[in-house]
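Everything below concerns the one structure shown next.
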Amino acid sequence: MSITSKSHRPYSLLAVLLALCLIIGSTGSFSSQTSLAIISTTVLLLIASYYLRPFFNRLSIRQIRTITYLALTLMVIGQVLILIFLPVSVYHDPYRVLSQADQLAAGDHVWQSTYFWRYPNNVPITYILSKFFALGQIVHLSNNITIHLLTISLLDTFIVLVLKTSADLKSRQSTFLGLLAFLTATPFAYTYYLQVFYSDLPAMLAVLVIFRLLWRWPKANTTKAKVKISLGLTFTALLGMLMKPNMIVLLPAGFLTLLILAIKKERTKKQLLRPILFLSLGMALAMPATLLIDRASSYQPHSAEAFPASHWVLMGLNKSGDGMYDDQDVEKDISLANTTARRQYDSQQIVHRIQTLGPFGLSELWLKKLTILLDVSAVQDWYNGGFESAPKWYQDHIAFYQKAIKIGYVVASIILFFTVSLRLLCWRPRFHRQKDQLALLAVLTALGYLAFHVIFWEAESRYGQSILPALFVLLVALPAPVARRQKVTEVKRQKRWPRVAFLISATIAIYAVFLQSYSLSTIVVAAQRSQLSVQYHAQPTTISPGTTLEQQVNLAKPANTFSVQIQAKSTMIVTLQNLQTGQVWALTEKADEFILKQPLPAGSYQIVIQNQGLVPQLIDLVQTNNYALAPFPVTINQVQNKNASLIYLFEWLNTKPS
């Protein structure tokens, strides 16, 4: 394959820098067990797509539309089935947001968890979610259904807008179909963004909408149209900032775009000036809007618990933790008296860590953080504590499914990164063109997100997904590399299909062999892990003497390890009963858990917790107002508590070598 360029215009150094970041960062998804499968599958699919590209580009608009409607229909059906049959146990930050929103929607405006005092940036999304819960309750929907409707609406709106952007910018049919495949045929549409509601997807949608409005601005020929876009930019920027404050990177990206256009003496820069000012206005309004939300939700900041911004900078410089969230740094800041003391400590340690790392150590840490940001291998595990109780047909082949999801999204992401990188490296900007101006803004936005987390902030693999809207825009705005024209005869066309068939067959064979030969070391059979956590002062439930708690759990497959969280130093009798055979096992206390290591066949079980002492005991019991945490509720002395649940985990630990 030979690529040529008809232009002698210079490369964009910013584009080259982003391409290098994508290429280097994509290696973060590799592991010793998966590298061979990832590399071989990626190469074979890229070669197959090269041969298929001419065929795709000859498809008519009608054919493309038919394929699109069919793919979107199948996607929605698949999403609905996943939400019905594969509900997950949401835990950590998204559950704390969900739980507080559930509480606010019920009219309870008490903020008991210290989580929001440490992370006040999540107060706005919590308040907004509570309003959706309140709307759902008007039409008698449970919060489970409301949040599923919200996630599927946001996700599918994002997908449709990406495809519409591709059509609006008149990208090639092959590019459009590539995007369609990424968005509808990979785990992107069926895992984290569908199953867990959090700030990532709303923020990505806001960024995409902003790109679209900026694209539409020069084409708005009437005052009415300009006003609509101005209001849209302001409102979208405001909502985006409320969802995720790191969206602020769009602002310097916008003004840097204007500066570069000014240096290049492009008169068309004036077309971007006014919309970027409206973008700035929307972001500026986020601060007073946050204060209004605090007042409406009765939220009061607590300086004794709050973390300063320097706390995240400090964690980002922790070499032992690879610049990620670090428990030791968190515990140290918690031990200090107030925000001022934490800021002083953080500042001293930041200087010390920079000096200790030195230029080479700092560069090495930054490269490591870049690979972490673009590592998508754990997409199905982000804030997912396991399925509540996956059906038998899924668990029969769970190792196959989970590895297919992992490898599938890694391969799809690497192909996306490679394709965008190739276009960036071949790009010769002509800044009088609106597409190139939009591409420049997308490049600066993506670099801004990466630089923010690599250089200044702590890194997590989820954070790198923030650049997806910018990458999608680049994919449709930048021209594809031009291959040297060769006369394509009918004989060559006929030879192409056997090659494509061989490549696809080889890909499937390698994929299948790898998946069949690999087993998981741990399988979550059933779980309820949603909780507010002791570290955020979650309040335990007091159990009176003579009280019995029971909760049923169905296991579709055997398990051999079971644990239920109680409270450290609580004196309780915890047993597990097989409801089919009547067999009962006593659990062993270990710290704040009771554990059973015993082969448990598939079937129905009853968790039984008894306080047979003479004094009250404490237990970790999760309670919501209108959100069902588990398939079966807790009963206390035979009285059912509809939206309460214990915190438990059934696992199968594979002792055989993989």
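The values are calculated or read from the model by the stated rules, or taken from the named source; none is laboratory data. Quick caveat: nothing in here was measured; it's all calculated off a predicted structure. Cβ sites come from the backbone with ideal geometry, for glycine too, and all protein chains shown count toward neighbours. Calculation scope for accessible area: heavy atoms of the full protein, side chains included, ligands and nucleic acids excluded. Shrake-Rupley method; radii C 1.70, N 1.55, O 1.52, S 1.80 Å.
Below is a table of values for the structure above.
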item: Cα-Cα over 29 Å, subset of Lys369/Lys557; Lys392/Lys597; Lys131/Lys435; Lys170/Lys406; Lys244/Lys406; result: Lys369/Lys557; Lys131/Lys435; Lys170/Lys406
item: The chain, helix-only ellipticity at 222 nm - DSSP H runs n ≥ 4, -39,500 (n - 2.57), divided by all residues, nearest 500; result: -18000 deg cm²/dmol
item: Solvent exposure of the chain as accessible area per residue, Å², 1.4 Å probe; result: 46 Å²
item: Debye, to nearest 20: dipole size of segment 513-655, +1 on Lys, Arg Cβ, -1 on Asp, Glu Cβ; result: 120 debye
item: Binned Cα-Cα distance frequencies in segment 432-483 - 5 Å width, integer %; result: 4, 20, 24, 19, 15, 10, 6, 2, 0
item: Positive-end residue of Ile147, Gly136, Leu422, charge dipole of the chain with Cβ unit charges; result: Leu422
item: Listed residue (Gln395, Met287, Val97) projecting farthest to the positive dipole end of the chain, Cβ model; result: Met287
item: Solvent-accessible area, 1.4 Å probe, carbon plus sulfur percent, for the chain; result: 62 percent
item: Cβ crowding within 10 Å averaged over residues, with 354-364, 417-427, 523-533 ranked highest first; result: 523-533, 417-427, 354-364
item: Measure of compaction for segment 15-100 (Cα Rg per 2.2 N^0.38 Å); result: 1.65
item: Relative packing of peptides 602-613, 453-464, 201-212 - highest average C-beta neighbours within 10 Å first; result: 201-212, 453-464, 602-613
item: Convex hull of the chain built on C-alpha atoms - directionally averaged projected area, nm²; result: 33.0 nm²
item: Charged-residue dipole, Cβ positions (Lys, Arg, Asp, Glu), the chain about Cα centre, Debye nearest 20; result: 4580 debye
item: Cut-off 12 Å between beta-carbons: net charge of the residues surrounding Tyr409, Lys and Arg +1, Asp and Glu -1; result: 0
item: Amide H contacts of Phe387 (H built 1.01 Å from N, under 5 Å, at least 5 apart or other chain); result: Ser89
